[in-house]
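One structure, pasted below without further comment.
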Amino acid sequence: MSSYTYDINEQCLIVRLTSELATLSFECGNTEGDKDLEDFFHNQAIHFSKERLGQTYCVIDNNGEVAELVAFFTVSNE
């Protein structure tokens, strides 16, 4: 096990998804389910928010020169 520690509270911000953030590079993998997640993030999550079906949040690592999306999650209203 690595001794490297990653403190998400110090290295990341959790922010609501915006149209601008939805354009950030985000790739899960090569399976059909992975592609569904990518499609939701890039194309459907904003619509879900506008329709009050759920709110998506992004976990952004802002420790480097360029902000990087490391995760996202959606809280459903259903």
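Computed from these coordinates, which is Cα Rg over 2.2 N^0.38 Å: (1) 1.20; (2) 1.29; (3) 1.99?
After the calculation, the listed value that fits is (1).
Compute the longest continuous run of the chain that contains no exposed chymotrypsin sites (Phe, Trp or Tyr not before Pro); treat a site as exposed when its DSSP state is not H, G, I, E or B and it has at most 15 other Cβ atoms within 10 Å.
Counting at most 15 other Cβ atoms within 10 Å as exposed, the longest clean stretch of the chain is 7-78.
FYI, it's all coordinate maths here, none of it is from the lab. Owing to the predicted nature of the structure, the values given are computational and were not obtained by experimental measurement. Neighbour counts are summed over all protein chains in view; Cβ atoms, including those assigned to glycine, are modelled from backbone coordinates with ideal geometry.
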